[in-house]
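Asks: Pasting in a structure now, in structure tokens, and then I'll have a few things to ask.
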Amino acid sequence: MNSAHPTAAQGKATAMSTAMSTPMTSQDKAIVLSGLSFAWPQGVPCVVIDDFSLATGARLFIHGPSGCGKSSLLGLLTGVLQPQQGQIHILGKPLHSMTPKQRDTFRGEQLGYLFQQFNLLPYLSAFDNVSLPARMFASRHARATQGGSSLRQAILNLCSHLDLSPATLQQHAHQLSVGQQQRVAAARALLGAPPLLIADEPTSALDADTQARFMELLLSAASAHGTTVVMVSHDQRLASHFDVVLSLPDINRAQTPRHDETADHTATRFSPAAPVCAHQTERAGT
């Protein structure tokens with residue numbers, strides 16, 4: 001099976017990577033894709049991946065032109081979309097064979113998702129936005145409070161690593177700057193130490209200086225909990241922050257015109273109220 005393995009930050013890694021002294025077992029892999037094929041209704045396949053795997057704890061940066069299947073791939077990795085063929089194992093679990101309810105529960109308990117548009121609830125405080133995963137899933141609450149701290153203290157500790165003060169957390173989401181909103185969204189995604197964090201163009205609204213600082217804070221917080229990170233972005237300047245850099249067209253065999261993924265199809269995404277339930281729809285983007 002082809003695997004993506006950590007390389008030098010500036011290097012490029014594809015699914016053809018094979019350099020590793022000791023073969024990984026399935027328990028060492030955060031993501032395993034095999035024989036994967038996905039197409040939108042009445043469309044030709046836009047994601048066709050024969051074999052791909054990613055080691056647990058890796059930092060993967062995925063880039064590629066619009067229409068190459070990035071948004072569709074994220075939907076598949078999170079269980080929001082289901083492939084017509086193939087298998088998707090996430091954290092050792094067969095996502096492809098789960099029921100919709102099982103996928104929603106797995107997503108909420110095991111995945112953190114960082115949205116391009118943040119998806120904060122404007123009528124809640126920043127603190128309450130961050131707390132949502134722990135309030136909705138007992139396992140996230142248990143991991144957040146592991147060691148005996150209260151949920152409040154766990155949130156304050158996490159947010160301090162993201163340069164969010166207690167005073168900032170008391171403000172409503174709509175009162176925050178763009179940079180503050182992004183860090184609140186990151187804290188929500190990381191609360192309860194999800195084993196896998198997926199980020200969809202999370203820095204597109206930030207200027208260069210804020211972007212660099214945000215990446216440092218995000219990856220530092222993820223590393224502290226051993227979280228595997230998968231990020232999609234058009235901005236290849238971000239690649240230097242990652243162990244593994246992957247051009248999606250290198251592994252996606254689909255020969256799909258760009259408009260097939262973006263023109264007339266609707267991708268089911270998570271509700272902004274919870275990064276767990278697939279009840280909101282929005283236009284499929286990249």
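Asks: Filter the stretch 242-261 for residues that are at pLDDT below 90 and open to solvent by 10 Å² or more (accessible area, probe 1.4 Å) and give the result. Before you say what the answer is, go through the steps one by one.
Replies: As a first pass, look at the stretch 242-261 and keep what is at pLDDT below 90: 255-261.
Within the stretch 242-261, Gln255, Thr256, Pro257, Arg258, His259, Asp260 qualify.
Asks: Cβ-Cβ under 9 Å, sequence separation 6+ or interchain: first residue in the stretch 170-185 and under 16 Å from Gln211 (Cβ atoms) and touching a residue at least 40 places away in the same chain (Cβ under 8 Å), partner of a type in the set (Ser, Thr, Tyr) and buried (at least 22 other Cβ atoms within 10 Å of the Cβ). Which pairs?
Replies: Note: pairs meeting the criteria are Gln182/Thr203.
Asks: Is one or more of the residues making up the stretch 161-175 on the phi > 0 side of the Ramachandran plot and open to solvent by 70 Å² or more (accessible area, probe 1.4 Å)?
Replies: Narrowing the stretch 161-175 to residues on the phi > 0 side of the Ramachandran plot: 163.
Next cut, open to solvent by 70 Å² or more (accessible area, probe 1.4 Å) only: 163.
Yes, the stretch 161-175 contains at least one residue that is on the phi > 0 side of the Ramachandran plot and open to solvent by 70 Å² or more (accessible area, probe 1.4 Å).
Asks: In this structure, does Ile88 turn out to be open to solvent by less than 10 Å² (accessible area, probe 1.4 Å), of a type in the set (Val, Ile, Thr) and either touching a Cys at 6+ places or on another chain (Cβ under 7 Å) or more than 14 Å from Ser247 (Cα to Cα) (or both)? Spell out the reasoning first.
Replies: Working: open to solvent by less than 10 Å² (accessible area, probe 1.4 Å): yes; of a type in the set (Val, Ile, Thr): yes; either touching a Cys at 6+ places or on another chain (Cβ under 7 Å) or more than 14 Å from Ser247 (Cα to Cα) (or both): yes.
Spelling it out, Ile88 is indeed open to solvent by less than 10 Å² (accessible area, probe 1.4 Å), of a type in the set (Val, Ile, Thr) and either touching a Cys at 6+ places or on another chain (Cβ under 7 Å) or more than 14 Å from Ser247 (Cα to Cα) (or both).
Asks: Something else: Take the stretch 40-76 and flag every residue that is open to solvent by less than 40 Å² (accessible area, probe 1.4 Å) and aliphatic (A, V, I, L, M).
Replies: Of everything in the stretch 40-76, those that are open to solvent by less than 40 Å² (accessible area, probe 1.4 Å) and aliphatic (A, V, I, L, M) turn out to be Val47, Val48, Ile49, Leu54, Ala55, Ala58, Leu60, Ile62, Leu73, Leu74, Leu76.
Asks: Next up: It is to be established whether one or more residues within the stretch 124-140 are charged (D, E, K, R), modelled with pLDDT under 95 and out of contact with any strand residue (DSSP E or B) (no Cβ under 7 Å at 6 or more places or on another chain).
Replies: No: zero hits.
The values are calculated or read from the model by the stated rules, or taken from the named source; none is laboratory data. Computed from a predicted model, the values in this text were never measured in an experiment. Positions of Cβ are generated from backbone atoms using ideal geometry, with glycine treated the same way; all protein chains shown enter the neighbour counts. Protein only, heavy atoms only, side chains kept; ligands, DNA and RNA dropped before computing areas. Shrake-Rupley method; radii C 1.70, N 1.55, O 1.52, S 1.80 Å.
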